[in-house]
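This report concerns only the one structure given below.
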Amino acid sequence: TASSIGEWGGLVILGRGPIADCADAAATGGTVGCVAPVEGTSGSIYGGASPNDNSGTIRYLQVRYPGFRVDTNNELNGITMAGVGGGTIFENVQVHNSSDDGMEVFGGRVNMKHLIVAGAEDDNIDTDTGTKTNIQYIIATQRNGVGDSMIEADSDNANDGNTPRQNTKIANFTFLQNNG
């Protein structure tokens, strides 16, 4: 139904693009040795030193009613991209009624175009751990009384000084936040 939510886990895409928060505290961000487990999975790792890593092509995709809370601070989003590089094509994508973030990007260099995020229970788009991305043509809307931020762009507070630094650029967007 139109009000369904959290009916399945969501889409997780892993790549070898640079990240800032390494599982090994001795590793340097943005290097081959800087990898980490991705949220929402059990041990799947992402990250590396390939800014132009290619995780494939996604064009014209709808992800409806996704999201799942695995554990405290460990959720599956509508779409999770972790270490996804700039060689990846990601455009014309819609996420509808995710029980966590609509889309979350952990590190990498993926660029995105023509996105719609509607009804996410947390953030519409969340970028962190050294993400460098350009996002163009976004429509994002929240359901009444549900949702956190339209965009969350940050790093883990304990790792704020890690490199590569976060750099999220957005252009041509419409955000409709319903607080009622």
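The values are calculated or read from the model by the stated rules, or taken from the named source; none is laboratory data. Quantities reported herein were computed from a predicted structural model and do not represent experimental measurements. To get the accessible areas, we keep the full protein, side chains included, count just its heavy atoms, and leave off ligands, DNA and RNA. Shrake-Rupley method; radii C 1.70, N 1.55, O 1.52, S 1.80 Å.
Observations, loosely collected:
- An ellipsoid equivalent to the chain, defined through the eigenvalues of its Cα gyration tensor, has semi-axes of 25, 17, 15 Å when rounded to whole angstrom and sorted largest first.
- Additional length obtainable on full extension of the chain from Val70 to Glu152, 0.36 nm per residue less Cα span: 27.4 nm
- Rolling a 1.4 Å probe over the protein heavy atoms of the chain, with every protein chain left in place, gives an accessible area that is 47 percent carbon and sulfur.
- Using a probe of 1.4 Å on the protein chains alone, the accessible area found for Val35 is around 40 Å².
- Legend: residues Val95, Val70, sorted from most to least accessible area (1.4 Å probe; ligands, DNA and RNA excluded), read Val70, Val95.
- Once backbone amide H atoms are built at 1.01 Å from N, Arg143 has Gly119, Ala120 as its partners under 5 Å, excluding neighbours fewer than 5 places away on the same chain.
- Per residue accessible area in Å² of the chain, where ligands, DNA and RNA are left out and the probe is 1.4 Å: 45 Å²
- The DSSP beta bridges internal to the chain are antiparallel in roughly 10% of cases.
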